[in-house]
Amino acid sequence: MLVGSALMVTPVANAAISDCNNNMCLWGNNDYQWMLDERYHGSGTLVNLSGDEDNAMDSWSNESGTHEGCMYGARNGTGDRQGMAKEANDNNVSPLNSDEVSSWRTRYGC
């Protein structure tokens, strides 16, 4: 019976930081799972997250060697700021910063 049960388990797809495709990315769970948004680096345009993506970020990656990004705790680039350093990532942001990003940009840093 155990063998039959084991065969019926559906495998879960593993997320990976490599899913970011040399851009800047936000994920809704730790360890780069449930990608929220992916943007090309170098844009000074603020983008607001909406729906389930708003206030959900728990990990991020900046694969740019030339631009720093900035994430904001409120819409339209306001609120608490979290920087995205060049060629850096964080697979599990601090509990103080978890689930609070509402807008971001991929240029100019914070």
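The values are calculated or read from the model by the stated rules, or taken from the named source; none is laboratory data. Owing to the predicted nature of the structure, the values given are computational and were not obtained by experimental measurement. With ideal geometry, Cβ positions are generated from the backbone for all residues, glycine too; neighbour counts draw on all protein chains shown. Note: accessible area is taken over every heavy atom of the protein model, side chains too, but ligands, DNA and RNA are not part of it. Shrake-Rupley method; radii C 1.70, N 1.55, O 1.52, S 1.80 Å.
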Open item on the list: Explain nothing, just the number: relative contact order of the chain, from Cα pairs under 8 Å at least 6 residues apart, as a whole percent.
Closed with: 28
Open item on the list: I'd like to check one number: the per residue accessible area of the range 16-110, probe 1.4 Å, reported in Å² as a whole number.
Closed with: 49
Open item on the list: Need one value: the accessible area of LEU96 in square angstrom, 1.4 angstrom probe, rounded to the nearest 10.
Closed with: 150
TODO: Mind sorting out which of (1) 30, 15, 11; (2) 32, 19, 10; (3) 58, 16, 10 is the real semi-axes √(5λ) of the Cα gyration tensor in Å computed from the coordinates?
DONE: (1)
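Scanning the chain for chymotrypsin sites (Phe, Trp or Tyr not before Pro) in DSSP loops with at most 14 other Cβ atoms within 10 Å, what's the longest stretch left with none? Don't jump to the answer; show the numbers that get you there.
Numbers: sites that count: TYR40, TYR108.
Here the longest segment lacking exposed loop sites spans 41-107.
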TODO: Only Cα pairs under 8 Å and at least 6 apart count here; give the relative contact order of the range 51-95 as a rounded whole percent.
DONE: 43
- [ ] Assign one of three labels to the range 66-107, namely rounded, prolate or oblate, based on the Cα gyration tensor with a ≥ b ≥ c the square roots of its eigenvalues; rounded applies when a/c is under 1.5, prolate when it is not and a/b is larger than b/c, and oblate otherwise.
- [x] oblate
Task: Percent accessible area from carbon and sulfur atoms, the chain, protein chains only, probe 1.4 Å - done: 48
Task: Student exercise, the chain dipole from Lys, Arg, Asp, Glu Cβ charges, in Debye to nearest 20 - done: 280
